[in-house]
Structure formats: structure tokens, C-alpha cells
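The values are calculated or read from the model by the stated rules, or taken from the named source; none is laboratory data. All figures in this text were calculated on a predicted structure; none of them were measured in a lab. Positions of Cβ are generated from backbone atoms using ideal geometry, with glycine treated the same way; all protein chains shown enter the neighbour counts. These accessible areas exclude ligands, DNA and RNA; they are computed on the full protein's heavy atoms, side chains included. Shrake-Rupley method; radii C 1.70, N 1.55, O 1.52, S 1.80 Å.
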Amino acid sequence: MRILVTGGAGFIASHVAEAYLAAGHEVHVADNLAKGRRENVPDGAVFHEVDILSPAFEQLMAELKPEVVNHHAAQASVKLSTLNPLGDLEANAGGTARVAEFAAANGVRKLIYASTGGALYGDPEYVPVDEGHPIRPISAYGLSKYMGELWIGLAGRTKGLDYTILRYANAFGPRQDPHGEAGVVAIFAGKLLAGEPCTIDGDGEQMKDYVYVGDIARANLLALDNGSGRAMNIGTCQGRSVNAIFEALRENVGSDAPARHGPPREGDVRNIWLESSLAAGVLGWRPQVSFDDGMRLSVEAARR
Ligand SMILES: NC(=O)c1ccc[n+]([C@@H]2O[C@H](COP(=O)([O-])OP(=O)(O)OC[C@H]3O[C@@H](n4cnc5c(N)ncnc54)[C@H](O)[C@@H]3O)[C@@H](O)[C@H]2O)c1
């Protein structure tokens, strides 16, 4: 089938595009290269350099008439969202609203949306967080991603647009930007390999759910034909501290460099991990790559 992947020159969606190509689909990538890189777009995908907020994107949707739209394009950093909250309103909430509207207008069979499990629920009342947990984001990023979900729901109810919403935990793995604002695994792996000091935000005991990017790509493959009208967490149900990540990476790199500690991050949820049994039931998805294997694969990729 013909699939348009937005944000496919970025970290996660380049793996999604790769998985769709491997499954024999015709893949188009739309990305404005704000953060993504042309070389991340897998061979075999058709690349369109376009901003989802521009009229050219509406035109592209009308010309391509994809069967499925997989929407990953976004400003993806919590830190940047605290500096420019209205930017997230435009790019993430507004961008997703546009994608949903154009999908409905062009007869798209299904929209798959990359939402966030880590930033959507806010500081959890309990862990692991399931989809029934109250939604109270504490960052403009989390709120803007949720607004995207709400708009997609509206397009579903009023225009019959089918969709699946995937709420990811913290993704990690090859092609994550080591110079980015987010993605502690890539940032620390890059710095340790370069012999540069790593700065841990706060005391480092904050615990998050780290899910390997290949597992996320597989969820997007399963969502092509499953999970209609549902929103579900995609995580491992396990919390790992930043200190534990740092230790695992030091071991894989073979470094004894000490860590520095900086101030805690504004807008960051302290402890969260995700219950993903809904995705297991609805998509048949379970994470397959262990934390240790994922750390090893990430360091190998950073070395390359
Ligand atoms: N990385 C994570 O841990 C994580 C967790 C939960 C959800 N997500 C979501 O997954 C998606 C991908 O995240 P990522 O970590 O791969 O980030 P990324 O920055 O690597 O990828 C986002 C891509 O979108 C592109 N983009 C941004 N604004 C655009 C616009 N207006 N028009 C066209 N392209 C645009 C960027 O150039 C980039 O290639 C995002 O929607 C993010 O909110 C990520």
C-alpha cells in the first residue's frame, strides 16, 4: 500500500519507514529537515522536503492520496517546548490537526499518530501508568501532543477517519541524535565515546521507561491493520534511572569517566513507566529487545 510517513528523516520515523519498506509497501517521506537528516531516509522511500504547516503539504496529500498516513513530524523536545510553548501549539497541535484534516479530505484509510506516553499523563498518580490514568501534562510539549490526539478523535467522530494512536515511552536506538535536546542514551553514548564529560540532570534517580526504536517500528507495522480508533501505550513497563543508563553505557563503551550533575529539567516528569497490556491485546505487540541488548546496539551504532 502507499504510505506517507511524516517526520521520516528523523530518528523514530526513519525506522518506521524502513519497516514499511521491508514489508513491501510504497513509502513516501515528508520532512522539512528542521531536525531530520536526508541520509536518515531509507533507500527506496520517496523523499519530499516539505513543511507540514505549508500549503505545499496540503497539495502533496491531494496528489499522493496515500492509503495510510503515519504522522511523526513534530517538535519533539520537552526542553525546547518550555522555551517556546507556542511553537509547540503551532507545530504539534496545529500540525497534527492539519494532517488529520487533509487525511480525512483525501480519503485516507487510516492515520497512525506518534503520541507520547512519557509526557502526556503528567506526574503519575501510580505506576505503571495505563491508558485510564488522568491526562494532566506538565509541559507544552505533552499538552500539544495530546491536543493532536483530540483533533484526530474529532476527525474520527465527524469525518469517519480511522486512526490508531501510539503513546511511546522514551525511545532509544540507532540514529537518535547525540547532539539533540532529548535522548539521554544517544547523548551519553556519543559523549562517552568522544571522551567528553556527561551531565546528568538532577540527582539522576528519576526513572523512565526506555523502549527500543525497532520495537516501536514494529508497533507501527502492526497498527496498519489493527487498533482502529484506539490510543495505547508503547513501553516496557519497567522504570530505569538515568544513573543506571549512564552505568550501562559506561560498561558498553569501556569508560570509567565520572558523571557531573546539573539542575533538574523543567517540565520533566520525574518517574514514569507504562503499562502496555492494551497494545499486547489489541496489536499483539510486546517489546522484544531487552534493555541490555538495546544499550549494546545503541553503543555499536554510536561507534559507527
Ligand atoms: N523520541 C522519543 O522518545 C519520543 C517519545 C514519544 C513520542 N515521540 C514522538 O515521536 C515523533 C518522532 O520523534 P523523534 O524523537 O524521532 O524526533 P525527531 O526530531 O528525530 O523527528 C521529528 C522529525 O520531524 C521533522 N519535522 C519537525 N517539524 C516538521 C514540520 N513542521 N514539517 C515537516 N517535518 C517536520 C523533523 O525534521 C524531524 O525529522 C514525534 O512526534 C515525537 O513527539 C518521540
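Observations on the model:
- All positions within the stretch 127-161 that are open to solvent by less than 40 Å² (accessible area, probe 1.4 Å) and of a type in the set (D, E, K, R): K145, E149
- Selection of first residues in the stretch 39-67 that are under 16 Å from A104 (Cβ atoms) and of second residues that are of a type outside the set (S, T, Y) and near the ligand (Cβ under 9 Å from one of its atoms), restricted to Cβ pairs under 7 Å at least 6 apart or on distinct chains, gives the following pairs, ordered by first then second residue: I52/A30; I52/A73; I52/G95; F57/A30; F57/V50; F57/D51; L60/A30; L60/V50.
- Residue within the stretch 10-33 that is exposed (fewer than 14 other Cβ atoms within 10 Å of the Cβ), more than 14 Å from the ligand (Cβ to nearest atom), modelled with pLDDT of 95 or more and charged (D, E, K, R) present: no
- Residues (open to solvent by less than 60 Å² (accessible area, probe 1.4 Å) and in a loop (DSSP other than H, G, I, E, B)) located in the stretch 198-210: G202, G204, Q206, D209
- Selected residue (criterion: most open to solvent (accessible area, probe 1.4 Å)) from residues of the stretch 40-83 that are among the small types (G, A, S) and away from the ligand (no atom under 14 Å from the Cβ): G44
- Top-ranked residue in the stretch 99-120 [being more than 17 Å from the chain's Cα centre (by Cα) and either of a type in the set (A, V, I, L, M) or within 11 Å of the ligand (Cβ to nearest atom) (or both); ranked as farthest from A223 (Cα to Cα)]: A105
- Residue satisfying all of: in the stretch 163-221; of a type in the set (G, A, S) and at positive phi; modelled with the lowest pLDDT among these: G183
- Selection of the stretch 6-34 for residues being in contact with a His (Cβ under 6 Å, 6 or more places away or on another chain) and closer than 16 Å to L53 by Cβ yields T6, G7, A30.
- Helices (runs of 4 or more DSSP H) enclosed by the stretch 1-98 - at least 1 residues per element that are closer than 15 Å to L221 by Cα: 11-22
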